[in-house]
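A short reminder: the numbers here are calculations on the coordinates, not readings from a lab. No experiment lies behind these values; they were computed from the predicted model shown. Cβ placement follows ideal geometry from the backbone for every residue including glycine, while neighbour counts extend to all protein chains displayed.
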Amino acid sequence: MKVDIDELKSRFLNLEFDKKDFELDPEKVAIVARMSGETLPQFSDPAHPDFQAPPAFIASLAAGRHLPINFPEFGGIPMDGGKAVTCIKPVRAGRPLTGKTHLHDIYDKSGRSGRMIFLVSRMELFDENGEQVATSDSRTVIRERAS
Amino acid sequence: MSIGSIADVEFGAELDPFQPDTSIAATSAFAEAVGWGGGGRFKDHELARKEGLPGALVPGIMAMGFLTSMIHRWSPDAEVETIDTVFRAPLLADEPCLISAVVTDVDEQQGIVQLDLTVKNQKNETRVFGTANVRLPG
């Protein structure tokens, strides 16, 4: 059965389905920066007064549940299609953070091997004052199984 | 050449690449730090092959890290506002990769530079590509 993208959008887009609290470990943030080849101390040295998480660490926070519990299965194997991060304010380690996740977009692309369904889940990250500091998008790609 | 302000940026310019560390030691440390250290996917070639993979992988978001680091080396004053990476195919640990970026737009009024980003393996196959919007001082 062909997946109805418009129907999925009307049922699932923009509804928060996950909420997580975080507190970033400064040493782990610094390891991620250093292993990435980062040279700026505000990302690699926890003692720097402007120490903050690099985009790759922010992207890692969105791991886990990318879809609502009642989201239908299409039969294909979900693949990680990529990540995007928008930095709004510095994301600080050692301070409370909250991530709220919703499905931000659903679209399809057709190619020689059939139709691929793209699901974009967006985590909005807030600091302890409720101010948004970043967004992290995770793209999941599912190849539609031929009926 | 290190970029100090947006006036120094030329449309079409290529950023100086560096050689990222894709060793198992680095991918393993990265995976442990982000909480993905379970299993052998990023830590052990044999265990990864048992999972049906061609070998241990470089985490996709580590490629995002390489690209961000390249931007910061190019301009230590750059603020990466958005970075969007598409994981086209896996990058293998312990294999060299080539990272590159080219300036595709310069908006001096807004102070924003747009970059196209690519990560290729040693066979010159694109594994990760994407874009970034970077804010630079005026």
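What to note about this one:
- The spacing between region A:106-147 and region A:56-72, judged by their C-alpha centroids, is 9 Å.
- On the principal axes of its alpha-carbon atoms, the protein assembly as shown has extents of 56, 44, 38 Å, going from largest to smallest.
- Scattering from region B:86-138 was approximated by placing one identical point on each alpha carbon and applying the Debye formula without solvent; log10 I(q)/I(0) at 0.20, 0.28 1/Å stands at -0.69, -1.00.
- Max mean-square fluctuation residue, GNM over chain B, Cα-Cα springs under 10 Å, options B:Leu47, B:Leu115, B:Leu57: B:Leu47
- GNM on chain A, alpha-carbon springs under 10 angstrom: the most fluctuating residue among A:Lys19, A:Lys83, A:Lys100 is A:Lys19.
- Over all other residues within a Cβ to Cβ distance under 11 Å of B:Ile6, the charged ones net out to -4, with Lys and Arg as +1 and Asp and Glu as -1.
- Amide H partners (placed H, <5 Å) of A:Val133, local residues excluded: A:Leu125, A:Phe126, A:Asp127
- Hydrodynamic radius (Kirkwood) for region B:54-102, which is based on Cα pairs only, to one decimal in Å: 12.0
- Using the Cβ-Cβ distance between A:Glu23 and B:Glu108 with R0 set to 35 Å, the FRET efficiency works out to roughly 0.35.
- For chain B, built as a Gaussian network whose Cα springs stay under 10 Å, the top-fluctuating residue of B:Gly39, B:Gly111, B:Gly65: B:Gly39
- Filter on A:Lys9/B:Lys50; A:Lys9/A:Lys83; A:Lys2/A:Lys83; A:Lys28/A:Lys83; A:Lys109/B:Lys123 - keep pairs with C-alpha separation over 30 Å: A:Lys9/B:Lys50
- Proximal lysines to A:Lys89, defined as alpha-carbon separation beneath 17 angstrom and excluding residues fewer than eight positions away on the same chain: A:Lys100
- Kirkwood hydrodynamic radius over Cα pairs of chain B, then Stokes diffusion coefficient at 37 °C and 0.692 mPa s, in µm²/s: 210
- Dipole magnitude for the protein assembly as shown: about 1180 debye, using +1 per Lys or Arg Cβ and -1 per Asp or Glu Cβ, origin at the Cα centre.
- Long-range amide H partners of A:Ala93 with built H, under 5 Å: A:Ala53
- Hydrodynamic radius by Kirkwood, which averages 1/r over all alpha carbon pairs of region A:1-69, in angstrom: 14.8
- Inter-label distance, B:Glu46 to B:Lys123: 2.5 nm, where each label sits 7 Å from its Cα along the C-beta direction.
- Taking the Kirkwood radius as Rh and the Cα radius of gyration as Rg, region A:53-147 has a ratio of Rg/Rh equal to 1.06.
- Counting every pair of alpha carbons in region A:43-84, the share spaced more than 17 Å apart comes to 54 percent.
- Cubic angstrom per residue, convex hull over Cα atoms of region A:1-120: 136
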